[in-house]
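Structure, as structure tokens:
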Amino acid sequence: METSWAAGLKGNIIRICEDGSEWPPYTYYQRVNDKPTRLIRGFAVDVIETIFAKAGIDFYVEMLPWVRCQKEVEHGMAYQMALNSSWNEARAKTYFLSRPYYRTTNYYFYSRRHHPAGLPIGSAEDLKKFRVCGIFGYNYETYGLPPGSVDQGARDFTSLLAKLHAGRCDLFVEKYEIMAGFSAIGQPYLADKDLGGKPVPGMPSTEFYMMISRRYEHGEHLLKLINDGLAEMEASKQLDKLLKKYVP
């Protein structure tokens, strides 16, 4: 039996934006002969495709600069949702956040060129003792790093690593699964012998959510549909099965 919130979404194409820098293995451009195509794939795409297919709802995904994507979803006109969002207070107020549907492991990375013996980090609090750099528009509050405390001048991971090796910062923080995921799309950042990395001591995994516009007229119905779909996929272990395709 079709639910009322699914019925209200019928005939609408849900437009989704994602980070143009890619977020493998969750959202990325599919490669053919090591060259990116226009097809966007990944675990997050598989999940929303499963939920929408069951409800008979059409959608498409487009990659944009992450800051622009967040603004577009906030307005709810050109794009109604994004697939990969960590939690912070501002986002929780600005958007509807779905139930969490995957978790990532928090690492800090440093340059062995400048810190051959590593960094004396015994807890997440110790991160604040060093110069931390990051990517423009990303959320670092989940690491306990308040807004303004991270140099977010880098626009992508390649420029972030260049900045680190140039000695312009001591470390950056990122999810291990993301750094490993780039290897699958021809950017083996973890193969860099000068890049050191370790889990942030004592820090639990980070949960990720889908982010829906509060200004979209069917936003609450969309949230309900997605949350019900995620709950069903979690209970049936379908989420785990899909994730194992990308993170064995």
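Odds and ends about this structure:
- Here Leu230 clears all of (1) at pLDDT below 95; (2) assigned by TED's automatic domain parsing to the domain that holds Asp58; (3) among the hydrophobic types (A, V, I, L, M, F, W, C) except the condition numbered (1).
- Only listed residue being more than 18 Å from Ser205 (Cα to Cα) and modelled with pLDDT of 95 or more, chosen from Ser111, Ser123: Ser111
- Reported count of residues in the stretch 128-154, each being within 19 Å of Tyr176 (Cα to Cα) and among the charged types (D, E, K, R), is 1.
- Summed over the stretch 218-248, residues that are without any contact (Cβ under 8 Å) to a residue 60 or more places away in the chain and either among the small types (Gly, Ala, Ser) or outside any helix (DSSP H, G or I) (or both) total 4.
- When Lys93, Lys10, Lys71, Lys54 are checked against the criterion of being surrounded by fewer than 20 Cβ atoms within 10 Å (Cβ to Cβ), out of contact with any Phe, Trp or Tyr (no Cβ under 9 Å at 6 or more places or on another chain), under 22 Å from Glu207 (Cβ atoms) and of a type outside the set (Ser, Thr, Tyr), a single residue qualifies: Lys93.
- Search result, residues across the stretch 141-174 that are modelled with pLDDT under 95, out of contact with any helix residue (DSSP H, G or I) (no Cβ under 9 Å at 6 or more places or on another chain) and either buried (at least 18 other Cβ atoms within 10 Å of the Cβ) or of a type in the set (S, T, N, Q) (or both): Thr142
- Residue within the stretch 203-214 that is of a type outside the set (Lys, Arg) and part of a helix (DSSP H, G or I) present: no
- Yes/no for Thr105 being more than 30 Å from Ile13 (Cβ to Cβ) and polar (S, T, N, Q): yes
- Unique residue being in contact (Cβ under 8 Å) with a residue 12 or more places away in the chain and either on the phi > 0 side of the Ramachandran plot or crowded, with 20+ Cβ neighbours inside 10 Å (or both) when the list is Tyr60, Tyr26: Tyr26
The values are calculated or read from the model by the stated rules, or taken from the named source; none is laboratory data. Bear in mind that the values here come from a model prediction, so they are computed numbers and not experimental data. In this analysis, Cβ positions are derived from the backbone assuming ideal geometry, glycine residues included, and neighbour counts consider all displayed protein chains.
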